[in-house]
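All remarks here apply to the structure that follows.
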Amino acid sequence: MLLRDLLLETPGVLETQGDLDTQIDALVTNSREKTENGVFFCISGLRFDAHNFAPQAVENGCTALIVERFVDCPAVQVKVENVRSAMAYIASAFYGHPSRKLRMIGVCGTKGKTTTSFLVKAITEQAGMKTGLIGTTGNMIGDKHLPSNMTTPDPVDLHRCLRQMVDEGVEVVSMEVSAHAVDMHRLDGVIFEAACYTNLSQDHLDYFGTMERYFEAKKAFFMRDQVRNAALNADEDTSENIRRDLKIPHLTFGISADADVFARDIEISENGVEFAIRLRGLEEMRLTMHLTGMFNVYNALAAASLSMIMGIDKEDIRLGLESVKNVPGRVEVLETGTPYKVILDYAHSPDALENVLRTVRAFTRRRLITLVGCGGDRDHGKRPIMGEIVGRMADFSILTSDNPRTEDPMLILQSIEEGMKKTDGQYVMIENRREAIRYALEMGEEGDVIILAGKGNETYQDIMGVKRPFDEKIVVQELLEEMRNNTKE
């Protein structure tokens, strides 16, 4: 494809140098990648400025550069206002604008994105639509998993994935929309038929700095003329800040009867939740879900609201919601064959941790044992908060490593411990996560519930820049097998 054609709908082009009729056969973000006729995006990041690596990219086969300042390099150069935004438009054009051939449904908010996107997928598939999923647990076409390493992929990976979905007959894409993706312009140019806003709570302040800036990134998603219809959580205080500035059709959902779509007669148990969804002015719809917890009532309401906007029949909505047995790494009860339960959950923010502990506490017959850690190179402020929460709500806590990345794991644990010490909670610190899980399993007794919090469905541990295999579902089974063998001996 010619560079000139890739730029036809790309806004913010300021100046060019060289022949725009240059053939482009690859989109490149890594200067070390060997290619032919590639275009290299010179992104200025927090740690590195890719303009400095342009000569290496050209040496490795790139013939064109997208820049924010011209560089001394023998290649065609296109100077733009924002390289990240330009990359999104160019990637879309390179792959034939696949999002335009799909019904894009977005889920935005601190918590609930993964579960809500799974519920939307279940509903649309119940309605007979082939559906793709893009999010934290990976990308999917139907039941087929595709490779992914971000909640919202970078534009090149995103549009490559959307192209594959179009080619395989996908009609609808249910997609998690992260604040990072909005702020980094990964979704520029993609139009969403409908999107919902779930909530706001503390997370990612290592990147955004303040809760105000974090919220504004989420709000911006609904203000950039790329969402056609919106659904907002009526019980979330910050929703009004979005609603008052919305210029598009929207509805609200919540537990409050003031919402357009609301839940009533809610009954929560360890086996799931029963409730009725009522659309204001119309008959109500009763359903029984396998997922438990009040937060899953909200997730169901969000998914139902998006589905109503899409025009999906209420019976398909009910059957779709009832069909979901679990969501990977979200209050997921593992098969252990033990007299105690072991639950895997992705909770890695204060609010999410408190929600899952409150939910599980309701059906814990004896002790609630919680294993918790915090990721390195991320928001330091939430660590003592999470320590205080687990100390207050669990009967016993095990502080351990999560993804320490480039930080000293023990310093992270000490930060969590600061909050723990403000409570009367009993705890132990075991830095090695595998040994921490072993400790939890060995202390478990009949009626106990053990929560492994923080990593959910992740299959690795990030230590000093190296992602080492660590799937907690496998680790738990391995440790239980070792324990059984030791008992036999």
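The values are calculated or read from the model by the stated rules, or taken from the named source; none is laboratory data. This is a predicted model, so every value here is computed, not measured. Note: ideal-geometry Cβ built from the backbone for every residue, glycine included; neighbour counts use all protein chains shown. Heads up: the accessible areas ignore ligands, DNA and RNA and are worked out on the full protein's heavy atoms, side chains in. Shrake-Rupley method; radii C 1.70, N 1.55, O 1.52, S 1.80 Å.
Points worth noting:
- About the centre of its Cα atoms, region 115-229 shows a dipole size close to 140 debye [charges on the beta carbon of Lys, Arg (+1) and Asp, Glu (-1) only; nearest 20 debye].
- Surrounding net charge for GLU284, when Lys and Arg each add one and Asp and Glu each subtract one, Cβ distance under 12 Å: +4
- Folded to 0 to 90 degrees: helix 155-167 orientation relative to the chain principal axis, Cα: 80
- Note on the chain: Cα Rg divided by 2.2 N^0.38 Å, N the number of residues, gives 1.03.
- Of the GluC sites (Glu not before Pro) in region 50-130, those whose Cβ has at most 15 other Cβ within 10 Å and which sit in DSSP loop: GLU81
- Helix 350-361 and the longest principal axis of the C-alpha atoms of the chain enclose an angle of approximately 30°.
- Dipole magnitude of region 11-67, debye to nearest 20 (Cβ charges: Lys/Arg +1, Asp/Glu -1, about Cα centre): 300
- Radius of gyration over Kirkwood radius for region 59-159, both on Cα atoms: the Rg/Rh ratio is 1.09.
- Sparse packing (at most 11 other Cβ atoms within 10 Å of the Cβ) combined with a DSSP loop state is found for the following chymotrypsin sites (Phe, Trp or Tyr not before Pro) in region 48-89: PHE48.
- Acute angle (nearest 10 degrees) that the helix 409-420 long axis makes with the longest principal axis of the chain, alpha-carbon atoms: 50
- Amide H to amide H, with H built 1.01 Å from N, VAL342 comes under 5 Å of LEU334, ILE450, counting only residues 5 or more places away or on other chains.
- ARG365/LYS421 FRET efficiency (R0 35 Å; Cβ-Cβ; nearest 0.05): 0.75
- Simple rule: put +1 on each Lys or Arg Cβ and -1 on each Asp or Glu Cβ in the chain, find the dipole, and look at GLY425, GLN77, ALA362; the Cα lying farthest toward the positive end is ALA362.
- Computed extension gain for GLU481 through HIS380, at 0.36 nm per residue and net of the alpha carbon distance, reaches 32.7 nm.
- With every protein chain in place and a 1.4 angstrom probe, the accessible-area ranking of LYS467, LYS113, LYS341, largest first, reads LYS467, LYS341, LYS113.
- Solvent-accessible area assigned to carbon and sulfur over the chain amounts to 47 percent, based on a 1.4 Å probe.
- In the full protein context, region 357-463 carries 39 Å² of accessible surface per residue, based on a 1.4 Å probe and ignoring ligands, DNA and RNA.
- Cβ-based net charge around ASP157, under 12 Å, with every Lys or Arg adding one and every Asp or Glu removing one: +2
- Computed about its Cα centre, the charge dipole of the chain is approximately 420 debye, with only Lys, Arg, Asp and Glu carrying charge at their Cβ.
- Within the shell of other residues whose beta carbon sits under 10 angstrom from the beta carbon of CYS374, the net charge comes to 0, with Lys and Arg scored +1 and Asp and Glu -1.
- Kirkwood-type hydrodynamic radius, region 213-301: 14.2 Å, calculated from all non-identical alpha-carbon pairs.
- Of the residues ASN52, HIS290, GLY381, the one whose Cα sits farthest toward the positive end of the charge dipole of the chain, with +1 on the Cβ of Lys and Arg and -1 on the Cβ of Asp and Glu, is HIS290.
- Gain in span if fully extended, SER256 to GLU33, counting 0.36 nm per residue against the direct Cα distance: 75.0 nm
- Above-threshold pairs, the threshold being 32 Å between Cα atoms, out of LYS121/LYS218; LYS101/LYS455; LYS144/LYS341: LYS101/LYS455
- Computed accessible area, THR406, all protein chains, 1.4 angstrom probe, square angstrom: 80
- Accessible area per residue was computed with a 1.4 Å probe on protein heavy atoms; ASP379 scores about 10 Å².
- In percent, rounded to a whole number, the relative contact order of region 81-172 is 36, using alpha-carbon pairs under 8 Å and six or more apart.
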